[in-house]
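Novice: I'd like to ask some things about the structure below.
The values are calculated or read from the model by the stated rules, or taken from the named source; none is laboratory data. All values reported here derive from a predicted model rather than from experimental measurement. Glycine gets a Cβ as well: all are built from the backbone with ideal geometry, and neighbour counts include every protein chain shown. All accessible areas refer to the heavy atoms of the entire protein, side chains included, with ligands and DNA or RNA removed. Shrake-Rupley method; radii C 1.70, N 1.55, O 1.52, S 1.80 Å.
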Amino acid sequence: QVQLVESGGGMVQPGESLRLSCAGSGFTLDHVTIGWFRQAPGKEREGVSCIKRGEETIYYPDSVKGRFTISRDNAKNTMYLQMNSLKPEDTADYYCAVNFGTFPRSVSPEYVCNEHNYDYWGRGTQVTVSS
């Protein structure tokens, strides 16, 4: 049974950092495409970072580029999202997700990070950035 469990959320002040973790079970992390997504109140869910299986190309939207870093520890079957220089607009519920399929070689990193491409999701962890 595939399970994803996020942790590491919380309330921080602007400019501070958080590291989110997502522990996976029931599958092997380095055999899937992984992604982090977020959903702010009243907004649609958006991808904030994704890594396509078998490649190292990483997608970041402009809103988080240079501040967020996705990584994974295959030995621990865990992926991470390091978030630095947090802003109030980063406030959202953050979710990890995985895709078990294969993307064509020609697809864009942005396409890989579309939420509709993901098969399994964690329940989310809340991040609040406020002074």
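Novice: Roughly what % of DSSP beta bridges within the chain run antiparallel, to the nearest 5? Show your work: numbers first, answer last.
Specialist: On the way: 36 of 39 bridges.
If we restrict to bridges inside the chain, about 90 percent are antiparallel.
Novice: According to a simple spin-label model (label point 7 Å from Cα along Cα-to-Cβ), what is the distance in nm between Lys87 and Arg67?
Specialist: Calculated label separation equals 0.5 nm.
Novice: May I pose another question? Let me have the 222 nm mean residue ellipticity of the chain computed from DSSP H runs of 4+ only, each contributing -39500 (n - 2.57), with the sum over all residues rounded to the nearest 500. Before the final figure, lay out the partial values.
Specialist: Working: 1 runs with 4 residues, N = 131.
That comes out to -500 deg cm²/dmol.
Novice: Among Leu4, Gly66, Pro109, flag the residue with its Cα farthest along the positive direction of the charge dipole of the chain, charges on Cβ as +1 for Lys/Arg and -1 for Asp/Glu.
Specialist: About the Cα centre, the residue reaching furthest to the positive side is Leu4.
Novice: Each label point is 7 Å from the Cα along the Cα-to-Cβ direction; what then is the distance between the points at Glu110 and Gln39, in nm?
Specialist: 2.3 nm
Novice: Sticking with this one: With no solvent and one point on each alpha carbon, what is the Debye value of log10 I(q)/I(0) for the chain at q = 0.13, 0.14, 0.19, 0.20 Å⁻¹?
Specialist: The Debye formula, applied to the Cα set alone, gives -0.48, -0.55, -1.03, -1.14.
Novice: Keeping all protein chains in place, calculate the accessible area per residue for the stretch 49-131 (probe 1.4 angstrom), answer in Å².
Specialist: Roughly 54 Å² per residue, with all protein chains present.
Novice: Here's something else I'd like to know. Quick check: at a probe of 1.4 Å, how many percent of the accessible area of the chain sits on carbon and sulfur atoms? Provide the component values of the computation, followed by the final result.
Specialist: Numbers: 3030 of 6940 Å².
Answer for the chain is 44 percent, counting heavy atoms of protein chains only.
Novice: Separate question: Which of the peptides 66-76, 120-130 is most tightly packed, and how do the rest follow, judged by the mean count of other Cβ atoms within 10 Å per residue?
Specialist: Per-residue Cβ counts within 10 Å, averaged per peptide and sorted highest first, yield 120-130, 66-76.
Novice: With a/c under 1.5 counting as rounded, go ahead and sort the stretch 16-78 into rounded, prolate or oblate using the C-alpha gyration tensor (a ≥ b ≥ c being the square roots of the eigenvalues; past the cut-off, prolate if a/b is larger than b/c, else oblate).
Specialist: Values: a/c = 1.72, a/b = 1.58, b/c = 1.08.
Prolate.
Novice: Hey, another quick one. Filter the trypsin sites (Lys or Arg not before Pro) in the stretch 1-60 down to the DSSP loop ones having no more than 10 other Cβ atoms within 10 Å, then list what survives.
Specialist: Within the stretch 1-60, the qualifying trypsin sites (Lys or Arg not before Pro) (loop, at most 10 other Cβ atoms within 10 Å) are Lys43.
Novice: What lysines could a cross-link reach from Lys87, if we take a straight Cα to Cα line under 29 Å and drop same-chain neighbours fewer than 8 places away?
Specialist: Candidates past the 8-residue exclusion: Lys43, Lys52, Lys65.
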